[in-house]
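Right, one structure below, let's go through it.
The values are calculated or read from the model by the stated rules, or taken from the named source; none is laboratory data. What you see is a predicted model; the values in this text were computed from it and never measured. Using ideal geometry, Cβ is built from the backbone for each residue, glycine included, and neighbour counts are taken over all protein chains shown.
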Amino acid sequence: MRLHSLTLRNFRGVKDRTVELPAIGTTVVVGDNEVGKSSLVEAFALIFDYPDDSKSKRIVDIQPVGQDVAPEVTAQLTLGGRELTYTKRWLKNKATELTILEPDGRRQSWTGREAHNEAERLFNEHVDPVLWQTLMVSQGQSLVLPTPADAEPLITAVTAESGTPVDGASMPLVLAVEHEYLRYWTRGGRPTGDFAKSAKAVEAAELTAAQALKAMDEVVADIRRAERLALDLDELSARLTEHLKSVEELRERKQATDEILLRRDSVRARAETARARLENHTRTRVERERLLAEVDKLTRTDAELAERRKDAETVAKKAAETVHAAEAALAEVVELRDERRGDLQVAERLVAKLTDRAELDRLLVQQAELVDVRARIASAGLVLDGVKVDEGLVAALEDARARVVEARAALAAGVPEVSVRRVGAEAVRLSGTGLDAGSAKVPDELEGEIQVLVSGELVIDVPGQIEVKVHAGGEAATLRSRLDEAVRLEQDLLKRGRVKDLAAARELLRKVDTVSAELQEARRTERSLTANGDPSERITLLCARLGVASTGEEEEETKSAGKRQAPVEDVPGQMSLFSQFEEEEGTFDFEDLVVPALEGGELGAAERSLENARAELAVAERLLSDAEFAAAQARKAAEEDRSEAQQARARSELAQERLAAAVEALDAARAVLSDEDVDAEEEKATAEVEAVLEELTAVQAQADEVGADEAAGLLADALAVATRLQGERDVLRDSLRTTEGRLEQSGRDGLGTRRELAELELAAIRAEHEGLKRRADAARRVYETLGRHRAEAQTKYSEPLQTRIESLGRSVYGPSFKVWLDDDLAVAERELDGNRLRVEALSTGAQEQLAIITRLAISHLVSTGDNSVPVIFDDALGWSDKGRLRDMGALLGRAGDHGQVIILTCMPERYEYVPRATFIKLES
């Protein structure tokens, strides 16, 4: 299986996204958290597992929260050599569509439940579920080592490479031992059946006895606990009484200091008000100084800008005068250019007219040649249309002539030949049927001598004297019939071809070939003459343009009185091969055109005049270009000067506005408070602040002397301690009551008797369990002995996968890397630099790397089969250092050479060392 693309719409947090995946190689899909990377893998699983009408919670959960939309997934993949396009939409407007392109190019389509069933059937047929789950690593599962022993494609691959069957333990003894072993132990070595129940019964009895003993110990502990709790409660109550006395003393001290603190707060408020008033007067003084400085500065700026404005307006006026002069010069040059352009147009019209006259002369010659060629084409076409003889007919006539000759020869050899000669004066009469005298006709009355072939009956009659009848044999009728049939067929073919005999047909066919060759040559000439169009149309156009007319337009003649060749001899209705045909009526006779003749050198003189006009126009165009450039430069300079003058005017007006605003603001401030009063108010506020601060210092000294600030804190701390002590007292009191209650209940339950009964029951159960244990241990020893022999076969069976894992791992860990596999083909132990460890004892990073290497080895083993699947890692290599990332990246790149490897990650820097990887960025 190869996955080519996935499209998700309204799927969890994905609105609409399509991801294209290469069929071979390593692909890294990069995206931030919650951008929808893991949704790609989930969507591919759901499209095959759930029909479009499913109401499963997994389907409901993929719908975006608060949106009434339909989740939709489209997958394009190759499965079992077929190309599938599979679309499914859930919850709203439910739909399922499946299109399959077969290897032979046939295309099939399904919809609805049929599409779901067909896709599910193909997936189950070509994808092994154990292999698929093994090679698809979900987020957070990268540390889990695969146990692929049940994956059928892997079993097939390792069996093919090792030559060892999957299970070599099929002997009856092994089965019996295994059956006895499984009575007591699971395959993993844990107790089961009666043995496990016995062990659990021992554990339960031990637990009961231990619980009884523990209950007695708890009673003793509760007695001691009750004594200790009573002592602690008395001590804590005494401490609480003493502490409450100190709390009352602190409360009286705080009441005495509260009046001093209230007076200090009042002075602090007055100090804050005085400081605010001082800050306000300081800001007023600073603002007054700023306004005075600003008015002075703006007054100087206004004077400078007024001078600049005057200078700029003078420059702009001079520039406008320069533009007026340049535009006047431009108008004169434009008038000259238009005059030269008119001269050029007159010269061009004259040259065009003379060129049309020369072209008309050439086309009239071409038209005359074309008329002759078309007449020859029409003549040859009529000849060929009338001839009925072709190569097929000639071949058929040759075959018919051969059959006639063969039939005549067979008839001569198979029937009697009678020679009759008249020797007397008596009349000799001949009659009968099936008579053949060759080229001669059998006479009714014989005059001399004749030879006759008799295929029927010949009657020789001498009136009054003798009558002789000659009969042919039985085969003669058949031979005669064959000859008649051959002659009839030959005559039919001659009539169809309208010829006398085979020689005439051959001669007629040779003449047809000659006429066909002449027709092809004439058509080539016609195509050459009309390659640029029919000259008659161009002639008509030129005549209209030049005003040329025919002297005999009303004469529609040129009727040729052609004579026909005599038909071929003895072939009725045969056409003449060489005929002259009449021209069509109404044909325009271009020979009647009256075309004025060109005088010698007239066209050349016109062309020279045209060139002179063009040269003069070019000179005028250059002068115009220069004048336009000069005018444009003058306008540009004038525009710049005008713009500068406007800017100077605007700057001057803006400066005047700012100066007026500043003067207005200064006058308004002085109206409220004069410059002298501003300084006086600030000095008054400063003196007020200093007086209030002096009073605040005196009050604070009084508060410090009596410890007013600490009194409130000390009282709060004392109250908190009192509350805590009261809580501890209540807890101790409750604990004491609970312990005393348990002791009272224990006395009523009879715990001593319960302990003795539990110990007796435990002894009986232990004795029964020991017997079962001896039998179980014996079965286990026999089973393990046979297991060692089976392990040797298992080692050879698992060798292909072990070899592949070690080959890949050595590119990461070095040549000392080794692994050992268990019965489930899972990696159980790893050796590195001589140190052999169980997988569980390895570091987190090493376990993750080993899990990735194992899956790549499995993928490599099954990559050539039809049941191969992509390897998918969702956020792996999170526990690897930089060096291991480099080595693992190189390994992932090589793995892509044998199959499809897909990596989903939010940390692309982990995979920067993967060679030839395709990176796909998912935007949020």
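Numbers for the structure displayed
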| quantity | calculated |
| --- | --- |
| Boolean, ALA648 is without any contact (Cβ under 8 Å) to a residue 12 or more places away in the chain, of a type in the set (A, V, I, L, M, F, W, C) and in a helix (DSSP H, G or I) | no |
| Residue, surrounded by the fewest Cβ atoms within 10 Å (Cβ to Cβ), within the range 469-484, restricted to residues that are of a type in the set (D, E, K, R) and in contact (Cβ under 8 Å) with a residue 60 or more places away in the chain | GLU475 |
| Where PRO51 falls short, out of the listed (1) farther than 22 Å from ASP128 by Cα; (2) modelled with pLDDT of 95 or more | (1) |
| Top-ranked residue in the range 219-240 [being of a type in the set (A, V, I, L, M, F, W, C) and free of Cβ contacts under 8 Å to residues at least 12 places away in the same chain; ranked as farthest from LEU732 (Cα to Cα)] | VAL220 |
| Conditions (1) modelled with pLDDT under 90; (2) surrounded by 19 or more Cβ atoms within 10 Å (Cβ to Cβ): number failed by TYR813 | (1) |
| Filter result (of a type in the set (A, V, I, L, M) and either touching a Phe, Trp or Tyr at 6+ places or on another chain (Cβ under 8 Å) or surrounded by fewer than 17 Cβ atoms within 10 Å (Cβ to Cβ) (or both)) within the range 9-28 | ALA23, ILE24, VAL28 |
| Lone qualifier among ARG288, ARG300 - being closer than 30 Å to GLU682 by Cβ and surrounded by 15 or more Cβ atoms within 10 Å (Cβ to Cβ) | ARG288 |
| Evaluation of LEU98 against (1) modelled with pLDDT under 95; (2) surrounded by 15 or more Cβ atoms within 10 Å (Cβ to Cβ) (one fails), failing number | (1) |
| Checklist (1) modelled with pLDDT of 80 or more; (2) closer than 20 Å to THR78 by Cα; (3) touching an Asp or Glu at 6+ places or on another chain (Cβ under 7 Å) applied to VAL137, failing item | (2) |
| Leading residue by the ranking (surrounded by the fewest Cβ atoms within 10 Å (Cβ to Cβ)) among those in the range 116-155 that are in a helix (DSSP H, G or I) and acidic (Asp, Glu) | GLU125 |
| Test: THR78 is without any contact (Cβ under 8 Å) to a residue 24 or more places away in the chain and hydroxyl-bearing (Ser, Thr, Tyr) | no |
| Residue match in the range 873-880 (condition: farther than 24 Å from VAL29 by Cβ and either at pLDDT below 90 or in contact with a Ser or Thr (Cβ under 6 Å, 6 or more places away or on another chain) (or both)) | no |
| Residues (free of Cβ contacts under 8 Å to residues at least 60 places away in the same chain, surrounded by 12 or more Cβ atoms within 10 Å (Cβ to Cβ) and in a helix (DSSP H, G or I)) located in the range 658-679 | ALA660, ALA661, ARG670, ASP677 |
| Hits in the range 121-140 - residues which are farther than 26 Å from CYS906 by Cα and touching a Phe, Trp or Tyr at 6+ places or on another chain (Cβ under 6 Å) | PHE123 |
| Pairs where the first residue, in the range 192-218, is of a type in the set (S, T, N, Q) and the second is exposed (fewer than 15 other Cβ atoms within 10 Å of the Cβ) and not in a helix (DSSP H, G or I), C-beta under 7 Å, 6+ apart | THR192/THR186 |
| Selection from the range 435-468 of residues that are surrounded by fewer than 14 Cβ atoms within 10 Å (Cβ to Cβ), more than 23 Å from ALA410 (Cα to Cα) and not hydrophobic (A, V, I, L, M, F, W, C) | PRO443, ASP444, GLU445, GLU447, GLY448, GLU449, PRO463, GLY464, GLN465, GLU467 |
| The lone exception for VAL619 - which of (1) among the β-branched types (Val, Ile, Thr); (2) modelled with pLDDT under 80; (3) assigned to a helix (DSSP H, G or I) it fails | (2) |
| Test: LEU173 is over 30 Å from VAL731 (Cα atoms), modelled with pLDDT under 85 and either surrounded by fewer than 15 Cβ atoms within 10 Å (Cβ to Cβ) or of a type in the set (Val, Ile, Thr) (or both) | yes |
| Test for ALA793: is it modelled with pLDDT under 85 and small (Gly, Ala, Ser) | yes |
| Pick from the range 329-352, criterion among the charged types (D, E, K, R) and under 14 Å from ARG608 (Cβ atoms), ranking: surrounded by the fewest Cβ atoms within 10 Å (Cβ to Cβ) | GLU348 |
| The listed residue being among the hydroxyl-bearing types (Ser, Thr, Tyr), more than 60 Å from the chain's Cα centre (by Cα) and modelled with pLDDT of 80 or more, out of THR540, THR558 | THR540 |
| Test: ALA400 is buried (at least 18 other Cβ atoms within 10 Å of the Cβ) and closer than 30 Å to THR514 by Cβ | yes |
| Per-region count, the range 10-24, residues assigned to a strand (DSSP E or B) and of a type outside the set (Phe, Trp, Tyr) | 8 |
| Which listed residue, of THR739, THR723, is surrounded by 14 or more Cβ atoms within 10 Å (Cβ to Cβ) and not aliphatic (A, V, I, L, M) | THR739 |
| Residue in the range 390-400 that is farther than 30 Å from THR433 by Cβ and either in a loop (DSSP other than H, G, I, E, B) or touching an Asp or Glu at 6+ places or on another chain (Cβ under 6 Å) (or both) present | yes |
| Per-region count, the range 505-552, residues among the β-branched types (Val, Ile, Thr) and within 16 Å of ARG362 (Cα to Cα) | 4 |
| Unique match (being surrounded by 14 or more Cβ atoms within 10 Å (Cβ to Cβ) and either modelled with pLDDT of 85 or more or under 60 Å from the mean Cα position of the chain (by Cα) (or both)) among ALA630, ALA613 | ALA630 |
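Rundown of residues vs (1) among the small types (Gly, Ala, Ser); (2) touching a Gly at 6+ places or on another chain (Cβ under 7 Å); (3) not in a helix (DSSP H, G or I), yes/no style:
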{"position": "THR26", "(1), (2), (3)": "no, yes, yes"}
{"position": "ASP32", "(1), (2), (3)": "no, no, yes"}
{"position": "GLU42", "(1), (2), (3)": "no, no, no"}
{"position": "ASP52", "(1), (2), (3)": "no, no, yes"}
{"position": "VAL60", "(1), (2), (3)": "no, no, no"}
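Condition check ((1) part of a helix (DSSP H, G or I); (2) in contact with a strand residue (DSSP E or B) (Cβ under 8 Å, 6 or more places away or on another chain); (3) modelled with pLDDT under 85; (4) under 25 Å from GLN646 (Cα atoms)) across all residues:
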| position | (1), (2), (3), (4) |
| --- | --- |
| LYS297 | yes, no, no, yes |
| THR301 | yes, no, no, yes |
| GLU304 | yes, no, no, yes |
| GLU307 | yes, no, no, yes |
| GLU313 | yes, no, yes, yes |
| ALA328 | yes, no, no, no |
| VAL334 | yes, no, no, no |
| ASP338 | yes, no, no, no |
